[in-house]
Amino acid sequence: MSSVISEIRKDYLYNLLLRGERADGRSFTQYRPIEIERNIIKKAEGSALVKLGKTQVMVGVKIQPGEPFPDAPNRGVIVTNAELVPLASPIFEPGPPNEYGIELARVVDRGVRESGAVDLDALCIVPGEKVWIIFIDIHILDDCGNIMDASSLGAIAALLGATVPASRFGLGDDFPLPVRDIPIATTAVEFGDVVLFDPDIDEEAIADAKLTVITKADGIICGMQKSGPGMLSEEQVYRIVDIACENAKEIREKFLE
Amino acid sequence: MDERVFIKDGIRLDGRRFDELRPIKMEVGVLSRADGSCYMEMGDNKVIAAVYGPREVHPRHLQEVNRAIIRYRYNMASFSVEERRRPGPDRRSYELSKVSREALEPVILTSYFPKSVIDIFVEVLQADAGTRTAGINAASVALADAGIPMRSLVSSCAAGKVDGQIVLDPMKDEDNFGQADMPIAITPTGEITLLQMDGMMTRDEFRQAIELAKKGCQEIYRIQRKVLIDRYSQFEDLQDEGSRR
């Protein structure tokens, strides 16, 4: 789902890229400025507002007791949902999540789940009957490009500051949500031979293929998703993975540790 | 996490080595109403793909003035898995439909058919890890069978990590209890059109997995090519007879 972009703007961006430049002056691997505000929603157990350049994403975490899955009776549950609300972009429409929203939520979920970031074993209340359920709800507020990375960053930031509200449910004292890892998603798009990290809305509109790489604190890759109707060469994939690991490390150290 | 052993003396539970695909069976033109179709078995996966179009777009507002749109519907039969699945699309199938469409879209010459749609329907009849890749393989052949102009076929398979080793084409048990799963789709010239990964891999393992999956895809490509040639050389013979008469 990409927005309309004028031919003249496209030409301009291409010409810049040929000279090794981007419209906002960043290098090809450089992220836009990141700002994270944590725990700003009082009613949520954890929350984060992420600004990635002009892109804004709010993530709220609600934690409630509920039933475990039958195949994991002693483990907490993670439910991730994303809403591309129409306030965030002229091309978002009201209604149930479409495939873009579903993909976004599932990739963010993959990062949190596969990295083992949340210690789900510590979230059992009554084995087989009651466990803590963590709802991660992603609300896109302003889509100026790369909502994937912003959402993923918001999710882990919100989880890191979240409190399990045990006392509210008469289940003992509140305790901080046990978070053991910090998965970071980094996304790049390709144009011919060039790969651009953290694409803005115009760069997304002219790119065909996008690759998101999620890495853990120890540098291990825990999730990946190619998206968009284009192709990537093997070399491009390797290059993106290598740079993604470095970018993720930097973001993790600067904003979340 | 699990103490089961999946690889013993280099041999997997079903007797394969780490770099072997499960047995593959493909058949072209299995449906008569569809413009193109293909049935595929990859181990215990059984999928069938149909292609309709290029045809008129309904609803009309979806049409594009300069190209055909592609729609891809990945659907699992309720009886395809151990526990009955609720019929209809769930969030997983929405995602798989999207990435599968995007795996095929780059090779289809959509600009030849403005204002039309090419519909691809994939039904999973039996599932055993690898249904999305089987679906893409079958759909790619079904597109060719429908006579849709394409730059090339697309071939797809997964590599995974089991017992700490990178293996080709994991089956259900290996996928469930393994440490990682990475489906890819690739053109014969090596362009990657689908890439997903979940689980954990180091960068080196990731490279190994890509190399292995690439080899698997090349093998599948040879089979896709062969079934198409077999199917259409029949017609060539008939045509020769016709012209002689």
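The values are calculated or read from the model by the stated rules, or taken from the named source; none is laboratory data. Keep in mind that what you see is a predicted model, and the values were worked out from it rather than measured. Because the Cβ atoms are built from the backbone with ideal geometry, glycine has one as well, and the counts that use them run over all protein chains shown. Keep in mind that these areas ignore ligands, DNA and RNA; they rest on the heavy atoms of the full protein, side chains included. Shrake-Rupley method; radii C 1.70, N 1.55, O 1.52, S 1.80 Å.
Within the stretch A:147-159, is even one residue open to solvent by 30 Å² or more (accessible area, probe 1.4 Å) and either within 22 Å of A:G219 (Cβ to Cβ) or assigned to a loop (DSSP other than H, G, I, E, B) (or both)?
The first filter runs over the stretch A:147-159 and keeps only residues open to solvent by 30 Å² or more (accessible area, probe 1.4 Å), leaving none.
Looking for residues that are open to solvent by 30 Å² or more (accessible area, probe 1.4 Å) and either within 22 Å of A:G219 (Cβ to Cβ) or assigned to a loop (DSSP other than H, G, I, E, B) (or both), one finds none in the stretch A:147-159, hence no.
Does any residue of the stretch B:185-193 turn out to be of a type in the set (V, I, T), open to solvent by 60 Å² or more (accessible area, probe 1.4 Å) and modelled with pLDDT of 95 or more? Quick ask: steps written out before the conclusion?
Step one: filter the stretch B:185-193 for residues of a type in the set (V, I, T), giving B:186-187, B:189, B:192-193.
Subsequent filtering for residues that are open to solvent by 60 Å² or more (accessible area, probe 1.4 Å) retains B:189.
Now drop any that are not modelled with pLDDT of 95 or more, which leaves B:189.
Yes - at least one qualifying residue is present in the stretch B:185-193.
Does B:D181 satisfy being touching a helix residue (DSSP H, G or I) at 6+ places or on another chain (Cβ under 6 Å), outside any helix (DSSP H, G or I) and under 14 Å from B:Q165 (Cα atoms)?
Yes.
Going by what's in this entry, would B:A180 be described as in contact with a Leu (Cβ under 6 Å, 6 or more places away or on another chain), within 14 Å of chain A (Cβ to nearest Cβ) and open to solvent by less than 30 Å² (accessible area, probe 1.4 Å)?
Criteria not met by B:A180.
When you scan the stretch B:141-148, do you find a residue that is within 11 Å of chain A (Cβ to nearest Cβ) and either in a helix (DSSP H, G or I) or under 23 Å from A:I240 (Cβ atoms) (or both), even just one?
Of the residues in the stretch B:141-148, the ones within 11 Å of chain A (Cβ to nearest Cβ) are none.
Taking every residue of the stretch B:141-148 in turn, none turns out to be within 11 Å of chain A (Cβ to nearest Cβ) and either in a helix (DSSP H, G or I) or under 23 Å from A:I240 (Cβ atoms) (or both).
Report, by residue number, each residue of the stretch A:31-44 that is modelled with pLDDT of 95 or more and open to solvent by less than 60 Å² (accessible area, probe 1.4 Å).
A:Y31, A:R32, A:I34, A:I36
Hey, could you check the stretch A:1-21 for residues that are touching a residue at least 40 places away in the same chain (Cβ under 8 Å) and farther than 25 Å from A:L84 by Cβ and say which is surrounded by the fewest Cβ atoms within 10 Å (Cβ to Cβ)? Talk me through it step by step, then tell me what you get.
Let us first name the residues in the stretch A:1-21 that are touching a residue at least 40 places away in the same chain (Cβ under 8 Å), namely A:1-5, A:9-10, A:13-14, A:17.
So of that shortlist, the ones also farther than 25 Å from A:L84 by Cβ come out as A:14, A:17.
Numbers: A:Y14: 13, A:L17: 19.
Filtering first and then ranking leaves A:Y14.
Return the residues of the stretch B:52-70 that are within 14 Å of another protein chain (Cβ to nearest Cβ) and surrounded by 16 or more Cβ atoms within 10 Å (Cβ to Cβ); say none if nothing qualifies.
Selection gives B:R67, B:A68, B:I69, B:I70.
Condition first: charged (D, E, K, R) and within 19 Å of the chain's Cα centre (by Cα). Now tell me which residues in the stretch A:53-92 satisfy that.
Going through the stretch A:53-92, the residues charged (D, E, K, R) turn out to be A:54, A:62, A:67, A:71, A:75, A:83.
Once the filter is applied, which keeps residues that are charged (D, E, K, R) and within 19 Å of the chain's Cα centre (by Cα), the stretch A:53-92 yields A:K54, A:K62, A:E83.
Could you list, in sequence order, all residues of the stretch B:205-224 that are out of contact with any Gly (no Cβ under 8 Å at 6 or more places or on another chain) and aliphatic (A, V, I, L, M)? Show your work before the answer.
So the first thing to find is which residues in the stretch B:205-224 are out of contact with any Gly (no Cβ under 8 Å at 6 or more places or on another chain), and the list is B:205-208, B:210-213, B:215-224.
B:I210, B:L212, B:A213, B:I220, B:I223, listed by residue number.
Which condition does A:E204 not pass, out of (1) within 12 Å of chain B (Cβ to nearest Cβ); (2) under 18 Å from the mean Cα position of the chain (by Cα); (3) open to solvent by 10 Å² or more (accessible area, probe 1.4 Å), if it passes all the others?
A:E204 satisfies every listed condition except (1).
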